[in-house]
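K.L.:
Dropping a structure here in structure tokens format, bear with me for questions.
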Amino acid sequence: MPDHEKHSPNSLGASAGESQSQSLTWKGALVSIIAGAVILVLIGLLVRHTEIITGRYVSSGVPPVLAFAGLLLFLGARPLLRRIHPRLCPSRSQALLVYMMLTIGVWLSGAYGVRAFLPHLVALQYWSQSDANLAPYPGELPEWYAPRDAEAARAYFEGSRDGQVPWGVWLPVLLRWIPFMLALFGGAFCLMLLMRRQWLQSERLTFPLLYLPLSLASEGGSRFTGDGKPLLRSPILWAGISIAILFNALNIAHALIPTVPAPKFSYSLAPHFPNRPWTPLRSITLFYMLETIGFGYFVPLEISFSAWFLYLAEKAFAVAGTAAGYDKPGYPFIQDQCAGAYLACGLMLIWGARRHLGAMWRRAWMHAGEERVAWVGLGVCSVVVVGWAVAAGLALEVAIPYFLVLGCFVLVYARIRAETGVPLEFIYPYGLPKEMVLNALSVPGITGVGGVRSMVIFSSLAWLARHHMTETLAAYQIDSLKLNDQERIGRRKLAVALGVAFAIGLGAAVWAHLDGYYQIGSNAASGGMGEYRATVARQEYQQMASRITAPPLRDWTRITANASGFGIATALAAVRARVPGFPLHPLGFLLATAYGDHTTCFFPLFVAWLAKLIILKAGGLKLYRRGIPFFLGLIIGHFTLAGILWPLLSMLISPEASRSYHIFFGG
């Protein structure tokens, strides 16, 4: 999938200019690492007392809103520190290094990091006490793998009598999970190291998400205005900020005073299509996601066009099928198509980088360096991940294809973020990596090679497929490698910083969640609504028990949908390689189908595509660059008011005010 916009206005090199003349010293890097670690500990405390207790999300977003807030805080201290002593003022590289750490560490405390992992360790033990269908299976979990203490599992969901975490039960288990977690993190980093030169130097991917931190960290930010004026003095920037403030202010006012008119979050088309064959159009919702519109301005036109056009094409296909009387539930199996397309894109990415990877392999054996570290590290981490799962009871014949599929998803997910910058988390067909492997091997096939324990362990690892820890880590790692190359931080310093961020972020997240759950109980968390990720874990085990009791046949319809998606993505890439200017892109197909019927990116990407197209047609590259501050303003204003100021203010007003207007960024 070659990048046809190498010299487009989306290039960060063209917009951000050259990197700083001096590389970051180890002393400067250590200051940033310490600052980042302290901020991550404070964020753990904040998440503990907000998201877990009240259900008010503060860590969500792409990039995480709290990473954006931490960067603002770090940069806001510049003037004061400069007055105290010039040497105390953090440089741009130091600020960006802190930001890189926060993108990793904050996400681990968020909705899909540790919060998705922990319930899979205790849900089976807890719910088997009231669900007879689950009763035979807790004993299949090895004692070293998950807490086996019945009271510890009960207190996790219902709260402990003294509010204390039974660390004697949890610590030995969590320490045994450290090699697995480190291997996931290290394997993703090594994979990104292998792809770094191909993506950053050969294909010159555009990394649209990095416009935000670079524009804020750059002194004056004049390179982002198109007219040489400082960014914060650009009236175009403030126009974008003003629109974001007006949008959120009206919604806040409406939430507090319902008679005030407001645009709200979205508009559903369901009322307009009540009858067959138009019922597939009922799921179309126009989401007003200002951050997606803002970042969408930097997305290559062919990808943003493909995302909305192919989504509508899938809807038209569904309408045609309904008119023909094809009513099988799930038709036309959009996410299954996306899963097949993910596999195709992963293979095409590897094939496209074959010469680069071959050269790195040869250099790895000629001399020690980044190439050897990357190849050896990826091999060791892969062996640890697969070996760890096999030691727990997952059959090797299941573990190898499962982690190969997950690795493919990690590669493609990171590529989507690097090339498109779409600020959404669910840009992959969630749950499908596991379901594809299970459907291909069949339940009897899995139990035949590994027994019932293999199915139980497979389900206990389903959080890796349903959620997206490794994919997100890889996406932020490749972002960090891009910033590292531009800012001359140094890859060793970066590796240390990201490693510290992962360790501190993981530790803070585990403490915050266990401490919160054992105080109030997971069933009463999130403002009394109960923790949704725990519900997902319960449903996973219930489905597992049902499948073991009555093994389903292979679903050839879904396998056909996988094959169709594989073929569509391959065909789009083949046509693009032979027809210059062909407007449909395989990554656009992934964005169109990843979230299924209810995609959130369709409308905001359409708005961003239309605005960018009009601007380029009207004034070319010059006018496009003049428009950059407006779309940065949309992002900055929306993140600041809806992501930082209103959540803090609303919690001071009342819990009802906080819940009345609540945007989940990255949805």
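K.L.:
Quick one: what does P(r) look like for the chain with 20 Å bins over all Cα pairs, in whole %?
P.N.:
Reading the bins upward from 0: 18, 54, 27, 1.
K.L.:
Calculate the dipole size of the stretch 346-504 relative to its Cα centre from +1 charges on Lys and Arg beta carbons and -1 charges on Asp and Glu beta carbons; express the result in debye to the nearest 20.
P.N.:
Roughly 440 debye for the stretch 346-504.
K.L.:
Mind jotting down the distance between the C-alpha centroids of the stretch 559-603 and the stretch 301-353, whole Å?
P.N.:
Centre-to-centre (Cα) distance: 6 Å.
K.L.:
How large is the helix-only mean residue ellipticity at 222 nm for the chain, computed as the sum of -39500 (n - 2.57) over DSSP H runs with n ≥ 4, divided by its residue count, in deg cm²/dmol to the nearest 500?
P.N.:
Value at 222 nm, helices only: -22000 deg cm²/dmol.
K.L.:
Here is a further query. May I ask you to sort LEU191, LEU648, LEU301 by Cβ crowding, counting other Cβ atoms within 10 Å and putting the fewest first?
P.N.:
In increasing order of surrounding Cβ atoms, one gets LEU648, LEU301, LEU191.
K.L.:
Rounding to the nearest 20 debye, state how big the charge dipole of the chain is about its Cα centre with +1 on each Lys and Arg Cβ and -1 on each Asp and Glu Cβ.
P.N.:
Charge dipole of the chain: 1840 debye, to the nearest 20.
K.L.:
In what order do ARG492, ARG659, ARG417 fall by count of nearby beta-carbon atoms within 10 Å, going from fewest to most?
P.N.:
ARG492, ARG659, ARG417
K.L.:
Which of the listed residues, TRP199, GLY159, MET181, is farthest toward the dipole's positive end in the stretch 108-220, when Lys, Arg count +1 and Asp, Glu count -1 at the beta-carbon?
P.N.:
TRP199
K.L.:
As I understand it, the dipole of the chain uses +1 on the Cβ of Lys and Arg and -1 on the Cβ of Asp and Glu, about the Cα centre. Which of GLN335, LEU494, LEU102 lies farthest toward its positive end?
P.N.:
Of the candidates, LEU494 comes out farthest on the positive side.
K.L.:
Between ASP327 and GLU158, take the C-beta separation as r, use R0 = 60 Å, and let me know the FRET efficiency to the nearest 0.05.
P.N.:
The pair ASP327/GLU158 has a calculated efficiency of 0.90.
K.L.:
Which lysines, on any chain, are close to LYS617 with Cα under 21 Å apart, when same-chain ones fewer than 8 places away are left out?
P.N.:
Partners within reach: LYS6.
K.L.:
Given the pairs LYS27/LYS229; LYS229/LYS264; LYS315/LYS612; LYS264/LYS328, which are separated by over 27 angstrom at their Cα positions?
P.N.:
Those over the limit are LYS27/LYS229; LYS229/LYS264; LYS264/LYS328.
K.L.:
Give me the percent relative contact order of the stretch 252-396, please, defined on Cα pairs under 8 angstrom at least 6 residues apart.
P.N.:
Relative contact order of the stretch 252-396: 13 percent.
K.L.:
Further question on the same structure: With N set to the number of residues, divide the alpha-carbon radius of gyration of the stretch 491-530 by 2.2 N^0.38 Å and report two decimals.
P.N.:
Dividing the Cα Rg of the stretch 491-530 by 2.2 N^0.38 Å gives 1.68.
K.L.:
Once R0 is set to 51 Å, what does the formula 1/(1 + (r/R0)^6) return for the Cβ-Cβ distance between LEU312 and ARG372, expressed as a FRET efficiency to the nearest 0.05?
P.N.:
About 0.60, to the nearest 0.05.
K.L.:
By the scheme Lys and Arg +1, Asp and Glu -1, what is the net charge of all other residues having a beta-carbon under 15 Å from that of LEU610?
P.N.:
+1
K.L.:
Another one. Quick one: net charge around TRP26, please, counting Lys, Arg +1 and Asp, Glu -1 for every other residue with C-beta under 10 Å from its C-beta.
P.N.:
Taking every other residue near TRP26 into account, the sum is +3.
K.L.:
Can you compute the charge dipole magnitude of the stretch 26-133 about its Cα centre, using +1 on each Lys and Arg Cβ and -1 on each Asp and Glu Cβ, nothing else charged? Give it in debye, rounded to the nearest 20.
P.N.:
740
K.L.:
Give me the percent relative contact order of the chain, please, defined on Cα pairs under 8 angstrom at least 6 residues apart.
P.N.:
For the chain, the relative contact order is 32 percent.
FYI, it's all coordinate maths here, none of it is from the lab. Since this is a predicted model, take the numbers as computed values, not measurements. Reconstructed Cβ throughout: ideal geometry from the backbone, glycine too, with neighbour counts over all protein chains shown.
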